[in-house]
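**Q** Have a look at this one before I ask anything.
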C-alpha cells in the first residue's frame, strides 16, 4: 500500500495480497467482479499515503486475496459499495469518520466511531403511537465493556436498536503505524484480551505473508495449540454467560469453574492466563516439554468429561432451555447478506470457518462443526459452542500428543511472494478475524484489524428486533461479542 | 440439575476456601474505560466458585448510586472520560476509586495520544492500586479484602 508498484500475483502463497488500483468510476464493478470470482468481502478501510487518502477494500479467501485500492481524488468521494455488499455498512462509516472519505449513495452516512451529541445524527427515526426510546449504557449494570444501546420500543417490544460502540477506541491502528513488527503485534494483541491469540496470529500471518515467510510445521502446531486453548476458555465462558443471562446460577457457576481451570492450564503451558505474549513474528514463543504436554492432556481429558457432564445437565434443565428456543433468530439469508462469521453464522447453517483452509496452521483436514439444528436462535448459538467445545478438546488432545519444540519461519522463494501487503485470516472464538498489514522498509505502514465482533455486531441489533426488552441480555450473550476488538 | 449441584458442592470442598473472618461489606461498581477486556474477565472470575468474593461482603452493584468503591479498568479513552466522571459524581460519600490493572495505572498503555484522556490519576483521586496485565483474580481478591479490612478498622 505504501509503494506504488502494482503486483500481478495470481497464485502466490496464501495471504500475499494482489493489489489492484481502481478508478472511482470502476470501484463498484471491481467489487462485483471480486464477488463473482467467489471472493468474500473482508473489510474496507482508509489508507493515508504520500498522495493523500485512499480507500481500500479487501476481497478474499484462503489462497487468493484481492485488495482494491481507489484514489478518491481531491473531493475524497468514492461510490458506496453498500448496494453490492451490505456488510460494508460499518466499514464505510468508519472510513468516513477516521479518514474523511465520503461514500456517494450511502445515505445517510451516519457517524460510527465519532460520537455526536446530536441524537438524530446516529439514530433511526422510529415513529408511531406509544413508541419511545430506552437508553442503556455506556456503563452497564454488570462487569461489561462500554457501549451505548438505544432501544426503540412499544411497551416491552423492541422495534429497532441503534448501537453506539467505540467507547473503547484507543486508536490502536494509527498507533501501530511506523513500528517494528514485534511492537505492532502487541497492538493487535492488546486490541482484545479474549481474542489476543487470534488477533496476534492474524497479524503474524499477515506480516509473514507480506515478507514471504512460511512457518515450519512445529510453529504451525504451536500457534494452532494456542488458538484452540483460547477457544476453549472462551466457549466455556460463553456457556456460563448465557446461563447468567437467564439467571440459571448452577450452570453459570459450573461453567465459570471449568473456564477457571482452562485459564490455569493456559498459565501452566504458556505462562499467562490469557496467553499474552505467546505469539511472535517469525518465531515461536510456546515450548512444551514431554511431561508438561502429558499433564496438559490429562487435565484436558478431565475438562472434557466434566464439561460434557455439565452440558448434559443444561440440556435437561427445562427452566433454562425454555428461555433459549426461538429467541433472537438470525436467518441464513440475513447471515449471508451481512457477512456473519463464527459460531453465530454456523448456528444458522452457514458452514463458514477460517480453519477449513489454513495451510499456515496445523488443522489438517478440518471441517466445521455442525449445529444439532441450524435454527439461528439463541439455543442454536449455545448448542454450537458445546459442539465446538468437544471439537476443540479433540484437536488439543492431538496437538499436545508430543512435546512442542522451538520453531521458526522459513523464507519462501523470493520470486513467489507478492510484495508489501499481507493478509491473515484466523478463526477466533467468535469467528474470522482479518488482519491486513502493509510493510515499508521493515516497518508497519498500515495495519487494519477487522475482528469477528466487528462483522457480527450489526447482526445483534437485527436479532433483537421484535423481541422483548428483557430478552436482550440473553440475545447479546448468545453472540458474546467483544467491544474492545471491535473498537480498537 | 442435582448432578450439577453435587459437582459444585464437590468443587467447593476441594477448593476449601478460607472461612470468612468478620463482618462488614463494600459495594463495588465497575467502570471499563477502554480496557482490552482481560481485566473484566478476571474481575468477573472473583465472583466465581474458586474465589467467591461475595461471601466476604464484596458485591458488584448495579449502580454507582449504591457503590462505595469505583473499580476502574482501562486507560480512560476520550469517549469514556465523561461517563467516568458522571459515575463518580453519582456516588454517595464516603467513596473511593480503585485502579484495576496496568492500563488504569497508566503503565504500558497502547494507543494514540489523541484518543486517550488518561491516566486515571489525573482525572480522579486514586486510593487503591491493583497492578497486573491483567491482575489475577487472587490479586484482585487480596487487594479488595485488604481494603475492606482498612475500611472497617480491623486487620486480617
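**Q** Output the number of residues of segment A:117-141 satisfying the condition of being within 14 Å of chain B (Cβ to nearest Cβ) and assigned to a loop (DSSP other than H, G, I, E, B).
**A** 6
**Q** Given the conditions (1) out of contact with any helix residue (DSSP H, G or I) (no Cβ under 7 Å at 6 or more places or on another chain); (2) crowded, with 17+ Cβ neighbours inside 10 Å, report the number of the one that residue A:303 does not fulfil.
**A** Checking residue A:303 against (1) out of contact with any helix residue (DSSP H, G or I) (no Cβ under 7 Å at 6 or more places or on another chain); (2) crowded, with 17+ Cβ neighbours inside 10 Å, the one that fails is (1).
**Q** Of the conditions (1) more than 9 Å from every other protein chain (Cβ to nearest Cβ); (2) under 19 Å from the mean Cα position of the chain (by Cα), residue A:222 fails just one. Which one is it?
**A** (2)
**Q** Are any of the residues in segment A:282-289 surrounded by fewer than 21 Cβ atoms within 10 Å (Cβ to Cβ) and over 26 Å from residue A:394 (Cα atoms)?
**A** Checking segment A:282-289: at least one residue is surrounded by fewer than 21 Cβ atoms within 10 Å (Cβ to Cβ) and over 26 Å from residue A:394 (Cα atoms).
**Q** Suppose we filter segment A:76-101 for residues that are touching a helix residue (DSSP H, G or I) at 6+ places or on another chain (Cβ under 6 Å) and either assigned to a strand (DSSP E or B) or farther than 24 Å from residue A:333 by Cβ (or both); how many remain?
**A** Total satisfying the criteria: 3.
**Q** Could you run through segment B:63-72 and say how many residues are closer than 20 Å to residue A:244 by Cβ and within 13 Å of the chain's Cα centre (by Cα)?
**A** The number of residues fulfilling the criteria is 1.
**Q** Still on this structure: Checking residue A:385 against (1) buried (at least 24 other Cβ atoms within 10 Å of the Cβ); (2) within 21 Å of residue A:300 (Cα to Cα); (3) modelled with pLDDT under 95, which test does it fail?
**A** Result: residue A:385 passes all but (3).
**Q** A further question on this structure: Step by step: first the residues of segment A:48-71, then only those that are assigned to a loop (DSSP other than H, G, I, E, B) and within 20 Å of residue A:445 (Cα to Cα), then the one that is modelled with the highest pLDDT. Which residue is that?
**A** It comes out as A:71.
**Q** Out of the strands (runs of 3 or more DSSP E) lying entirely within segment B:1-116, which hold 3 or more residues that are away from chain A (no Cβ under 12 Å)?
**A** Filter on segment B:1-116 gives B:96-100.
**Q** Ok, one more. When you scan segment A:193-208, do you find a residue that is within 14 Å of another protein chain (Cβ to nearest Cβ), assigned to a helix (DSSP H, G or I), more than 15 Å from the chain's Cα centre (by Cα) and in contact (Cβ under 8 Å) with a residue 40 or more places away in the chain, even just one?
**A** no
**Q** Please specify each residue of segment B:118-139 satisfying the condition of being closer than 15 Å to residue B:74 by Cα and within 11 Å of chain A (Cβ to nearest Cβ).
**A** B:118, B:132, B:133, B:134, B:135
**Q** Looking at A:234, A:266 in this structure, which one is within 19 Å of the chain's Cα centre (by Cα) and within 12 Å of another protein chain (Cβ to nearest Cβ)?
**A** A:234
**Q** In addition: Step by step: first the residues of segment A:303-326, then only those that are without any contact (Cβ under 8 Å) to a residue 24 or more places away in the chain and part of a helix (DSSP H, G or I), then the one that is farthest from the other protein chains (Cβ to nearest Cβ). Which residue is that?
**A** The selected residue is A:322.
**Q** Does segment A:220-232 include one or more residues that are outside any helix (DSSP H, G or I) and in the same structural domain as residue A:385 (by TED's automatic domain parsing)?
**A** No, segment A:220-232 has no match at all.
**Q** Based on this model, can you work out whether residue A:374 counts as surrounded by fewer than 21 Cβ atoms within 10 Å (Cβ to Cβ), assigned by TED's automatic domain parsing to the domain that holds residue A:213, touching a strand residue (DSSP E or B) at 6+ places or on another chain (Cβ under 7 Å) and assigned to a loop (DSSP other than H, G, I, E, B)?
**A** no
So that you can scan it fast, the table gives a plain yes or no per residue for (1) without any contact (Cβ under 8 Å) to a residue 40 or more places away in the chain; (2) assigned by TED's automatic domain parsing to the domain that holds residue A:336; (3) touching a helix residue (DSSP H, G or I) at 6+ places or on another chain (Cβ under 9 Å):
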| site | (1), (2), (3) |
| --- | --- |
| A:422 | no, yes, yes |
| A:434 | no, yes, yes |
| A:441 | yes, yes, no |
| A:445 | no, yes, no |
| A:470 | no, no, no |
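So that you can scan it fast, the table gives a plain yes or no per residue for (1) under 29 Å from residue A:426 (Cβ atoms); (2) surrounded by fewer than 18 Cβ atoms within 10 Å (Cβ to Cβ); (3) in contact (Cβ under 8 Å) with a residue 40 or more places away in the chain:
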| residue | (1), (2), (3) |
| --- | --- |
| A:32 | yes, yes, yes |
| A:56 | yes, no, yes |
| A:70 | yes, no, yes |
| A:73 | no, yes, yes |
| A:77 | no, yes, yes |
| A:85 | yes, no, yes |
| A:94 | yes, no, yes |
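The values are calculated or read from the model by the stated rules, or taken from the named source; none is laboratory data. Here the structure is a predicted model, which is why all the values come from computation and not from measurement. Neighbour counts run over all protein chains shown; Cβ positions are idealised from the backbone, glycine included.
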